[in-house]
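Take a look at the structure below.
The values are calculated or read from the model by the stated rules, or taken from the named source; none is laboratory data. Fair warning: this is a prediction, and the values are worked out from it, not measured in the lab. Cβ atoms come from the backbone with ideal geometry, glycine included; neighbour counts cover every protein chain shown.
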Amino acid sequence: MKTLIVVSHPTLDQSQTQQFLKASAATIADATWHHLDASLPFDPAQEQALLRAADRIIFQFPLYWYAAPASLYQWLDEVWVRSAVYDAHGGLLTGKSLGLVVNLGQPARGYQLGGAEGVSLSELFSPFAALARKTGLRMLAPLVIDQFSYQDEAAHQKLLVAYQQYLTLAHPDKLSEQADWWLDQLADLGDQAALVGQTLATRQETLVHLQETINELKEGEED
């Protein structure tokens, strides 16, 4: 899978979050890091070529005043135009997927009904879902990074895994694909990881059997 990471951030070098994500993406061969603020002025033809070459498009940005930074909207205005991403017959990006990687300066729990911010992230991200529908993209559940600078090392390691899976897995939220991803990582480590890999594979088989049993029970209830 070829992934285009479209990063909107006016002060990228000063962002601990973005530098961490950039380093995390650097080990993925088919991931292209594309910093919009460093690409101004945009060449629409070149930008559209990047879109066509990608299987997954990631919009990555910090949440500024409940929205993305200005460079992302400028890019959409100049690049995502009729005949490039949609036409009279529908979306031209069908078969590709769209993901959002968004970091927050405030606790994520505040973005919900009754929370400190008084608005949900789903509401704030709904324009991107509409854009996906218009252009034929399959929308992924967003990957939200909650106050990166306050996280400990264990949380950062967990984020690294979640981010790399988000960039590479067809369905990042599926446990079966996550398990296969771990098996691939362990295989790359060599013989020392063989025992761990076998254990994980056994647990994955158990998980599949449990899921099949649950499905059978649900079908029985419906009958």
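So which of Val161, Val119 ends up being surrounded by fewer than 18 Cβ atoms within 10 Å (Cβ to Cβ), closer than 15 Å to Thr17 by Cα and of a type in the set (Val, Ile, Thr)? Exactly one residue qualifies, and that residue is Val161.
Taking Gly99, is it closer than 29 Å to Gln185 by Cβ and surrounded by 12 or more Cβ atoms within 10 Å (Cβ to Cβ)? Yes. Selection within segment 133-158: residues that are hydrophobic (A, V, I, L, M, F, W, C) and buried (at least 19 other Cβ atoms within 10 Å of the Cβ). The member of this set that is farthest from Asp55 (Cα to Cα) is Phe148. Of all the residues in segment 64-87, those that are surrounded by 20 or more Cβ atoms within 10 Å (Cβ to Cβ) and either in contact with a Lys or Arg (Cβ under 7 Å, 6 or more places away or on another chain) or of a type in the set (A, V, I, L, M, F, W, C) (or both) number 5.
Evaluated against (1) closer than 15 Å to Thr3 by Cα; (2) assigned to a loop (DSSP other than H, G, I, E, B); (3) in contact (Cβ under 8 Å) with a residue 40 or more places away in the chain, Leu51 falls short on exactly one condition, (2). Can you tell me which residue among Leu169, Leu186 is at pLDDT 70 or above, buried (at least 16 other Cβ atoms within 10 Å of the Cβ) and within 18 Å of the chain's Cα centre (by Cα)? Going through Leu169, Leu186 in turn, the sole match is Leu169.
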